Amino acid sequence: MKNRILALVCLFLTIGVSSCGLFGGGEQELDPALLVGKWEENGLYERYYSNGKGLTWDTKDDVSEEEAQPFTWTLSGTTLSQEHILFNGAIVPKIYTVSELSSTKLSYHDNYGVNHYFTKVGSK
Amino acid sequence: MKKALKIAGISLGSLLALVIIAAVIVSSVVLSPKKLTRLVKKHAPQFVTCDIQLEKADLTLLKTFPNFGVEIEKVVLINPMDNAPSDTLADIGQVIVTANLKKILRSDEIAVSKCVLKDARLHLFRNENELTNYNVFVSDTMPKDTVGKPFKYSIDLKGVQLKNVNLFYADSISKMTAALQQLDLNLKGDLKEKDLHADLDLNAGSLDLQTPKLTTSSKHLGIAYKGDVVHYKQINGDLSLNTPDICLKLGEEYLNHDTLLLHLPLNFDLNDMAGSLHQAQIGLNNYLINLDGNASYAKNRDITLDLAFATNDLIIEDVMSYLPEKARTSLSSMTFSGKARLSEGRVKGVLNDSLMPLIQTKVHTDKATVDIRKLPYPFTEVNLDALLNLNLNDKSSADISQITAVMNKSHIRGNGMVNDLTKKLAFDMNVEADMPMSDLKKFLPKNIKVDGQSEVKLKVNCGLKELLAALTKFKFDQANLKGNIAIDRFAFNMSDTIQATAPRLKLAITLPASRQINGRKGVYVAIDTKQLQAQVGKKINAEMTDLSLNTTADNIKGGLNSILANADLTVSTLKADYDTIHLDTKQAHIVATTTPQPTKNLQAYVVFDSKTLTTYTGKAYHFTASDFDIDILARQDKSKKDPLNQWNPTADFSLKNAEVHVAKIDNDIVIPTINFLFNPKELNIRESTVRIGQSDLSMEGRISGINEWMEDHNRLVKGDLKLNSQFINIDEIMKLTSGMGHSSDSTQADAEEGVGKEDNPFMVPRGFDFSFDINTQNAIYGNFDLHSLNGQLTVKDGTLVLNQIGFTNKAAKMQLTAIYQSPRKNHLFLGMDFHLLDVQINDLISMIPVIDTLVPMLKTFDGNGEFHIAAQTNLRSNYKPKISTLRAAADIEGHNLYVRDTASFTKTTNMLKISTNGEFKIDSIDVQLTVFRNEIDLYPFLLSIGKYKAVASGRHNLDMNCNYHISVTDTPLPTRLGIDISGNMKNLKYSLAPCKYKNLYRPERRGDTDKMVLELKQKIADALKANVKKGNP
C-alpha cells in the first residue's frame, strides 16, 4: 500500500511538473515547422516565417497584409512566445499555450482563458 | 610765261626779219630765186645763230599784190644740244611773208602784213642749265651791215597763219614734255614793237602735256584769243578753248575723255603774273561753271586764286567722279544720284604742288538719292541746302542749313555741320524724323520686331563710320549721339518670348552711355511711359503704369545671351500674372544688371524693392507685404528648354509686414519680418518671425532640394530649421500643414476606403524631409498645455516624428518621442514614446484620458509618480484606434500615493487583513503593463502599505471587464491571503483566493516562472526607459 501511495504521488508529481507553470507550456514538443505559414481566424491573420519573424493583421479593422504589424516568435514545447516590438524598441510580450498544431489547425490560449482558433490559409 | 612769250615773240620777229631782209633785198634789187636764195643763206647767220638751211627763196609779188612777199621753202634750223630729243630745231616746209613795200621804202619800217608757216616740225628743248635750243635768233639787232641802218619793224598780224605745224617741247628742269600736233593757227593782229594785238584762232589735232605730276591730253583742241598783249606783259582779251576729248591726271585722274569748253575774258599781267577773269565760263561736258575773279602765278610756282563760281544743274554721279580720289574713297561707302547745283562758290588760296585752294560753295540738291551701303534703305528725295567748305589741304566741311530726305517710310529733316568731309564725315547735326518703327526692323537683330509711329529728335556728334557701327553693329562707344524719340502705339517683340506694347512711349538715347553715366558702356536708353503692357513667354503678363526705365546696354548684337546691361526701373504700379499667380505692387523699384559669361550664358543681377506687394492665386492664396526687397543673382542655363527654367537664381529676400491668406486655413499668416537667401541648391532662412493664428514662430535654417523637386516631384525637399517660439498652437499648425504634398483630388478615394465626410485627419506633408529643432516656451495641443517644449520634429514624406521632445506642464516634466504617419486617411499610424517624470497622477489622467483606459487602477491613486509608456496603433480617419493594431507597454512607479477610492481600498484591505491604521496610503508601487489589442495585462507588481506588502497582477479589457489578483506576501499575520477581483469595473466582485505570488519577491525562494516574470518586467521597463534623454525632461 505504501508503495502504491508512493507511486501515485510520483505520478501526480510528474503530471504536476509537466503541466504546471504560470505562463503555460508543457512537456509536449510541437514542431515549429508546422507553424510556418499564413493562418486566419475570422479576418484576423497571423503569418509565421521560419526565421522567427511574423506578421499579424486584421482585415475587419481595414488593415491589409501590406500594413501588417511584425512580431518575433518562438515555440518551445507548447509555449508560443510572441514578442511584439514597438517602433521605439519597446516590447509587448505575449505567452500562449498551444492546444493544437497541425498542418491545418492552430489553436492557443493564454492564462486568462482567451482562446484563438486559426485555420491555415497559406503555407508560406 | 612772260619769258616764253618774249622768246616766242623775238623768235617770230627774228624769223620775220629774216624774211623781210630777203624781201628788202629783193625789193632793192630784182633777183632771181636762185640769187635770192643765195643772198638769204648768206645773211641768215646775222639773224640766226644756229645752222640754217633753206631750199629755195622766191618773191611773190603777184600773189600778194599790192604787198610783196617772200616764199621760202624747206627751212631747217639745226641746233644740237646734249640730251635734246632732236638736233633739228625746226623743219619748216614753207614760209611765206608779205610786207608793205611802201612803208619799207618811205619810213624804214618793215610792216609785215602776212606770215604763213606750213608743214612745220618744231623741237624745242631746255636743258638743266636753262639753255634752250630755240634761243637762236639774234635779238634787238637788225642786219646793220647789210642795210646800213637799223629797221623798225611792225607786224600786222592780220595774216599770220600756221598750217600743219607739229610742235614738240621738252624741258629738263621741269621734266615737262609737250606735243602740239596738226596745229593750224590764224592770227590776225598787229605786233608793234612790244605790243601785240591778236585775234587768234588755233586748232590742233592733239595736245599732250606731261610733267612728273600732271598728265593731260586733248584732241581736236580749239583755242581762240582776241585781245592785246601790251609790252609783252599785259594780256587783255577773251580766250576760248574747246576740246571734245580731254584727259587730265594730277596725281589722280580728274578728266577722262571729257568735253571741255573755256571762255576766259581775262586780263593778265605778265610781269606780275597776275590776272583776272570776268564772267568766264568753263564747260565740262554738259556742265557749265561761271567764273569771276583773280589769279596770279608766283616765281615759286604758287598759283594764287580768288575766283567766284557757280554752276548749272549737275548730275551728282558725274560730279562724284570728278572729286579727288581721297574724297571719293571717303565716300566710297555710299553712292549718290540726282541733281545738284553749286552757287555763290569761291575758290580762294594757293595752288601748288602741296597746296590746294579752299573751295567754298553753296550746294543745293533736288530730289537726290544717297545710298549708304551699310544702311538697309537709301535716302531718297534728298533736298539739301548747304555751304560746302572744301579744304583739300586739311579738313573739309559742310554747313547744312537744311536737309530733308525720305528713308523708306520715314521722313527726315536735319541741319548742322558735317566736318572732315573727305575723311571721317563727322556729323554735328540736329536730326528730326517722322518714322514708323517698322523702318527700324532691318537695323535690329532678326529676332526683334518693333512697331509704332515715332517722332525722332537726335543730336548727332560723331563720324559716319561710328554712327553706322552703332546702328548696324551696335558698337556704341565711338558714337556720340543724343536723341529723344516719342513713339505712339509702340510694340516690341523679341523672339515671341518678350513682347511689350505702350500707347505712347518716350525714349531718350545717349551714345555712348558714358556721356550720361560715368563708367557705363554701350547705349543709354531712358524710357518713360504712362502705361506699358508686357508678356514674357506664354505665362507671364505684366502691366505697368508711370514707368521710368533708365538703362545702359552693350553687346546687343549677340542678343540677350551676351548683353551687358544695367537697368533701373521704377513704376507706380506693376501688375503681373504668371500662370495663375497674380502680382500687384506699387512704388516698385527694380535695378537689374546682366553680364555675359564665357559660356555664352547670361548672368543677371536684379534688385527689387517695393512699398506694397500683393500676390494671389485665385482665392486660394493671397500675399501682401508693405516693404519688400529682393536681390537676385540669376545665371542662365540654356540647356533647359523652358525659358523660366533656364535661370538659376540666387535671391536675397527681405520683406516686412507681410500677410499670407490661405483659403483652406482659418488664420492668416502674418510675417512681421523675414530674410532669406534662395539659390537653386537651398533656401537659407537667415531671420524670420511669423505669426500663424495664435502661434508666433521665429525660424532660421536651410531648405534644400527645391530645384530637384521642381524637376522631379518624387524627390524630397529637405529642411534643417531652428524654430523658436513664445507660443505655438499645435492644432493650428497641424491644420495649416495637413495634406501638403498630397493629391488634392482624393474625394473618391476617401469614399472608397470609408473615410467619413466629416473626417479631416492630419495628413503629414509629403515631398518634404524637414527637421525642426524646436524651442518654444508655451504650446497647446488640444487640452494639453505645454511649457519649455524643446526637441526635434522631423517631417519626412508623410511621416512626422517628434524626437525626444521635452516639455513640462503642471502635471509633469515630459519627454515625448512620437511618430505619426498618414499613408492613407483611413489608416493613420501613431506611435508614442512618452516619459513623464514626477507626474501628478491625477493631472496625468485628466491630461491624457486614455491613460485611464489603459490603467484604470491609476485613478484610485493620487500623488507623484513616474510614467513611461510606449504605444502605437493605427487610427481610422476619425482618429479612433484600430484595436487590432494597438500595442503598448508602460512602466509606472509611485511613492506615497494617496488612495482616492477609499471604499474599494478599505474593502480590499479588509479582505486581505491588511491594517492601514486608518490611512489611505500606499507607500510604493512599481507597475509594468502591456496592451495588446484589447487586452491590458498588468505584470505582477509590488504594493507596499506600511508593514504589509502585496503583489498584484491581472488583466482588464478595453470593455472594462477585468480579472485581477492580489496576494499578500508580507504580513505580521501567520497566513498570507489572496483575493481575486473580477467583473466590470463598475461592479467588481471580490473573492478570497490562494496567494499566488508569495515567493515572487523573495529571491531565495523564487522559482523559474517567477524569474521569467521578473525578467519580462525588467525587459519591458528597460526598453521603455532606454529612450529617456539625460537631463530631459
Helix B:33-43 axis, angle to chain B major axis (alpha carbon atoms, nearest 10°)
70
In whole Hz, what ³J(HN,Hα) sequence does region B:418-432 give by Karplus (6.51, -1.76, 1.60; θ = phi - 60°), x for Gly and Pro?
10, 9, 6, 5, 8, 10, 8, 6, 8, 8, 9, 9, 9, 10, 10
Charge sum, other residues only, whose C-beta stays under 10 Å from B:VAL431's C-beta, Lys/Arg counted +1 and Asp/Glu -1:
+2
Using unit Cβ charges (K, R positive; D, E negative) and no other charged atoms, how large, in debye to the nearest 20, is the dipole of region B:300-424 about its Cα centre?
360
Whole-Hz couplings from phi, Karplus 6.51/-1.76/1.60, listed for region B:856-865; x for Gly and Pro:
x, 5, 4, 5, 7, 10, 9, x, 8, x
Out of region B:597-628, which trypsin sites (Lys or Arg not before Pro) are coil in DSSP terms and have no more than 10 other C-beta atoms within 10 Å?
B:LYS619
Cβ-defined net charge surrounding B:ARG1005, 15 Å radius [Lys, Arg +1; Asp, Glu -1]
+3
Whole-Hz Karplus couplings 3J(HN,Hα) for region B:818-832, θ = phi - 60° and coefficients 6.51, -1.76, 1.60, Gly and Pro as x, run 9, 10, 9, 10, 9, x, 8, 4, 9, 8, 8, 10, 10, x, 10
Using only the alpha carbons of the protein assembly as shown, determine the length spanned along each of the three principal axes and report them from longest to shortest in whole angstroms.
222, 59, 47
Cα-centre dipole for the protein assembly as shown with unit charges at Cβ (Lys and Arg positive, Asp and Glu negative), debye to 20:
1880
Which order results if B:SER296, B:SER397 are arranged by neighbouring Cβ count within 10 Å, fewest first?
B:SER296, B:SER397
Find how many whole Å separate the alpha carbon centroid of region A:49-80 from the alpha carbon centroid of region B:646-693.
48
Other chains near B:883-893: what is the mean number of their Cβ atoms within 10 Å of each residue's Cβ?
4
At a 10 Å Cβ-Cβ cut-off, how would you order B:LEU830, B:LEU1000, fewest neighbours first?
B:LEU830, B:LEU1000
Protection-proxy order for peptides B:789-797, B:347-355, each taking the mean of Cβ atoms within 10 Å per residue, highest first
B:789-797, B:347-355
Mean ellipticity per residue at 222 nm, deg cm²/dmol - from DSSP H runs of n ≥ 4 across chain B, formula -39500 (n - 2.57)
-3500 deg cm²/dmol
Could you list which residues have their amide H under 5 Å from that of B:LEU89, counting only those 5 or more apart in sequence or on another chain, with H placed in the peptide plane?
B:LEU77, B:ILE78, B:ASN79
Hey, how many Å between the Cα centroid of region B:244-306 and the Cα centroid of region B:498-536?
56
Summarise the partner chain shielding of A:89-100 as one whole number: the mean count of Cβ atoms from other chains within 10 Å of each residue's Cβ.
6
Please report the spacing between the Cα centers of region B:979-1033 and region B:889-907 in Å, no decimals.
15
Would you mind computing, in nm to one decimal, how far apart the modelled labels at B:LYS1011 and A:THR104 are, each placed 7 Å from Cα along Cα→Cβ?
4.2
Normalise the Debye intensity by I(0) for chain B, one equal point scatterer per Cα, no solvent, then take log10 at q = 0.09 Å⁻¹ and round to two decimals.
-1.05
Cβ-based exposure ranking for B:ARG933, B:ARG824, in which fewest neighbours within 10 Å come first:
B:ARG824, B:ARG933
Amide H contacts under 5 Å for A:LEU86, restricted to residues at least 5 apart in sequence or on another chain and with H modeled in the peptide plane, are A:ILE91, A:VAL92
Neighbours of B:LEU988 by Cβ distance under 13 Å: Lys/Arg at +1, Asp/Glu at -1, summed charge +1
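The numbers here are math on the coordinates, done by the rules we state, and not lab data. Values in this document were obtained by computation on a predicted structure and should not be read as measured data. No Cβ is skipped: glycine too gets one built from the backbone with ideal geometry, and neighbour counts run over all protein chains shown.
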